[in-house]
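Undergrad: Encoded as structure tokens, here's the structure I'll be asking about.
The values are calculated or read from the model by the stated rules, or taken from the named source; none is laboratory data. Note that this is a predicted model, so its numbers are computed, not measured. Every residue, glycine as well, gets a Cβ built from its backbone with ideal geometry; the counts of neighbours run over all protein chains shown.
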Amino acid sequence: MQETILDIQNLTVSFDDNKVIDDLSFSIKKGDVIAIVGPNGAGKSVLFRALLGLIPYLGKIEWSPDLKISYVPQRFNVEKDFPLTAKEFLRLKSKDQNKILAALESVGLKNKQSDIHHIEHHLLDQRLGWLSGGQLQRILVAWAILDDPDVLLFDEPTTGIDVGGEETIYNLLKKLNDEMALTILLISHDLNIVYKYANSVLCLNREKICFGPPRDVLDPQALIKLYGGEAKFYKHEH
Amino acid sequence: MNDLYLQLTVAILIGIGAGYLGSFMVLRRMSLVGDALSHVALPGIALALLWNFNPFFGAFTVLFAATLGIWALERKTELPSETLVGIFFTLSLAVGILLVPDHELLEALFGDISSVTIPDLLITLASVTAIVVITSFILRGLTISTLSKDLARSMNVSVDKINLLFLIMVSLIVALGLKVVGTLLMGSLVIIPAAAAKNVSVSVSRYVFLAALFGALASMGGIFAAGFLSIPAGPAIVLTGGLIFLITLAPYIKKN
């Protein structure tokens, strides 16, 4: 039985008398991959900010002690000419060259044999804003795992990535989950992804609509309640 | 001759400080804050002139108070700094124009480098040194919080403290530069060298360095041009900066 690393009870978050999250309770075990789904404005990003202690809340959020939590926020708009190279960005988190190389290998931007100079020229010494969507996402994941976190909070990892790129990012996150026992919470809009990669899904629309294994909890009634309308979801049986 | 060296040194120091801070002002979309703050300083200068003490202290006191006000209001209301500063500066400019004695008004608005003294040099040297040292210390936090406030906070970066410190340093450099370029043009000294540096920089370390360098070059070129052509130093410095900016655009033009 895996240990519980996060316990949330009766979490309520309000902004100016508006309840954005209402009486939410659930818990997470080490090694879980939890997808959080829900319509826009449902409180998903707010949940992350509460989990990180960035905003005030009512209720209980209890992490295991001494956990390293890494966070990749959603709004990470880097304009094309923002003068910051990928290398400088990574070094904002760690100046350890070996750690950086290891992280780049983990995210598939570098293989063991390839030369550091090649990757420096094409990637590390380029501006963050010039990288392709897929490369930027991998750099962000590399950044997130640089200090060997226990938990990764990833807000909409594939905003702005094409479908092919989406698959590989999730494969990557799953691989990290397997290899590093990295607990992952990710906010996603894509139910196919949820089915494929998450062992539990939290349906959030201000309150908890569902929580549990996707196969068990994502039924049509839950989806209607979650998205507030006729949400037809066809699960392909392979 | 001594006078020229004095003026050059003061102007170059201010150019360095303005460029250095300006680099982050441009990134944080605070480009117009320098301009507005320099207008806010006018009542401070007026009072200093009326009560006979160094205008720098008058300016800095008013700017410091305005900065604290802006910072506190920004935290409370989430209004962007440009709105708040906009309100402050239009009011202050009006008050300042009324208060400044007529014969001093031109100098207050356009600066007068020839009135720079040794004590001014010492204050400038100490201040710019402090600015460069402090900014180097907070560079990491400053960069991360510019990318994303949430990200910075999640990494235990004191975003609010850094914001305040940064704003205070901006007030300091604006107060210093008023003597050289005046309240109307001080804003350009923080924007133009940084904007030029952004055109030719890929990395942040090069960007910040070049912004300071271009600031220094603009000051130097401006002082020499002012002497040569017998024009006021303020506009000369700003126009030199503009020239540097145009030059940095050249590679783009060639590319297209």
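Undergrad: With respect to B:Leu125, is the statement that it is among the hydrophobic types (A, V, I, L, M, F, W, C), away from chain A (no Cβ under 14 Å) and within 30 Å of A:Gln74 (Cα to Cα) true?
TA: no
Undergrad: Anything in region B:111-128 that is of a type in the set (A, V, I, L, M, F, W, C) and surrounded by 12 or more Cβ atoms within 10 Å (Cβ to Cβ)? List them, or say none.
TA: B:Ile113, B:Val116, B:Leu121, B:Ile123, B:Leu125, B:Val128
Undergrad: While we're here: Filtering region A:90-100 down to residues that are in a helix (DSSP H, G or I) and more than 14 Å from every other protein chain (Cβ to nearest Cβ), which residue is surrounded by the fewest Cβ atoms within 10 Å (Cβ to Cβ)? Spell out the reasoning first.
TA: Residues of region A:90-100 that are in a helix (DSSP H, G or I), as a first pass: A:90-91, A:97-100.
Checking which are more than 14 Å from every other protein chain (Cβ to nearest Cβ) leaves us with A:97-100.
On the way: A:Gln97: 12, A:Asn98: 8, A:Lys99: 17, A:Ile100: 22.
Residue satisfying both the conditions and the ranking: A:Asn98.
Undergrad: Pick out the one residue from B:Val208, B:Val181, B:Val170 that is among the β-branched types (Val, Ile, Thr), within 14 Å of chain A (Cβ to nearest Cβ) and either without any contact (Cβ under 8 Å) to a residue 60 or more places away in the chain or assigned to a helix (DSSP H, G or I) (or both).
TA: Within the list B:Val208, B:Val181, B:Val170, the selection yields B:Val208.
Undergrad: Turning to a different aspect of this structure: Could you tell me whether B:Gly227 is modelled with pLDDT under 95, part of a helix (DSSP H, G or I), surrounded by fewer than 22 Cβ atoms within 10 Å (Cβ to Cβ) and away from chain A (no Cβ under 14 Å)?
TA: When the stated conditions are applied, B:Gly227 passes them.
Residue-wise test of (1) crowded, with 19+ Cβ neighbours inside 10 Å; (2) among the hydroxyl-bearing types (Ser, Thr, Tyr); (3) assigned to a helix (DSSP H, G or I).
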residue: B:Leu4; (1), (2), (3): no, no, yes
residue: B:Leu13; (1), (2), (3): yes, no, yes
residue: B:Leu32; (1), (2), (3): no, no, yes
residue: B:His39; (1), (2), (3): yes, no, yes
residue: B:Gly58; (1), (2), (3): yes, no, yes
residue: B:Ile70; (1), (2), (3): yes, no, yes
residue: B:Leu73; (1), (2), (3): no, no, yes
residue: B:Ser92; (1), (2), (3): yes, yes, yes
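Undergrad: Further question on the same structure: Does A:Asp7 qualify as being more than 25 Å from A:Leu172 (Cα to Cα), more than 13 Å from chain B (Cβ to nearest Cβ), in contact with a Lys or Arg (Cβ under 6 Å, 6 or more places away or on another chain) and part of a strand (DSSP E or B)? Break it down into steps so the answer makes sense when it comes.
TA: Working: more than 25 Å from A:Leu172 (Cα to Cα): yes; more than 13 Å from chain B (Cβ to nearest Cβ): yes; in contact with a Lys or Arg (Cβ under 6 Å, 6 or more places away or on another chain): no; part of a strand (DSSP E or B): yes.
No: the conditions fail for A:Asp7.
Conditions tested, residue by residue: (1) touching a Ser or Thr at 6+ places or on another chain (Cβ under 8 Å); (2) within 18 Å of B:Ile168 (Cβ to Cβ).
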{"position": "B:Ala11", "(1), (2)": "yes, no"}
{"position": "B:Phe24", "(1), (2)": "yes, yes"}
{"position": "B:Ala48", "(1), (2)": "no, no"}
{"position": "B:Phe53", "(1), (2)": "no, no"}
{"position": "B:Phe57", "(1), (2)": "no, yes"}
{"position": "B:Leu63", "(1), (2)": "yes, yes"}
{"position": "B:Ala66", "(1), (2)": "yes, yes"}
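Undergrad: Now, a different point. For region A:165-226, which fully contained strands (runs of 3 or more DSSP E) count at least 1 residues that are at pLDDT below 90?
TA: In region A:165-226, the matching strands (runs of 3 or more DSSP E) lie at A:200-205, A:207-212.
Undergrad: Just name the residue that is farthest from A:Leu172 (Cα to Cα) out of those in region A:101-134 that are touching a residue at least 24 places away in the same chain (Cβ under 8 Å) and more than 13 Å from every other protein chain (Cβ to nearest Cβ).
TA: Per the criteria, the residue is A:Gly133.
Undergrad: Inside region B:118-148, can you point out the residues that are polar (S, T, N, Q) and either under 16 Å from the mean Cα position of the chain (by Cα) or modelled with pLDDT of 90 or more (or both)?
TA: Filtering region B:118-148 for residues polar (S, T, N, Q) gives B:124, B:127, B:129, B:135-136, B:143, B:145-146, B:148.
Correct list: B:Thr124, B:Ser127, B:Thr129, B:Thr135, B:Ser136, B:Thr143, B:Ser145, B:Thr146.
Undergrad: Looking only at strands (runs of 3 or more DSSP E) that lie completely in region A:14-86, which have at least 1 residues being more than 10 Å from chain B (Cβ to nearest Cβ) and of a type in the set (Phe, Trp, Tyr)? Working first, answer last.
TA: Numbers: elements: A:18-29, A:33-37, A:58-63, A:69-72.
In region A:14-86, A:18-29, A:58-63 are the strands (runs of 3 or more DSSP E) which contain 1 or more residues that are more than 10 Å from chain B (Cβ to nearest Cβ) and of a type in the set (Phe, Trp, Tyr).
Per-residue answers, yes or no, for (1) crowded, with 21+ Cβ neighbours inside 10 Å; (2) modelled with pLDDT of 90 or more:
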position	(1), (2)
A:Thr4	no, yes
A:Asn10	no, yes
A:Asp16	no, no
A:Ile28	yes, yes
A:Ala35	yes, yes
A:Phe48	yes, yes
A:Pro56	no, yes
A:Glu62	no, yes
A:Glu79	no, no
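Undergrad: For region B:192-203, name all the residues that are surrounded by fewer than 24 Cβ atoms within 10 Å (Cβ to Cβ) and touching a residue at least 40 places away in the same chain (Cβ under 8 Å).
TA: B:Ala195, B:Lys198, B:Asn199, B:Val200
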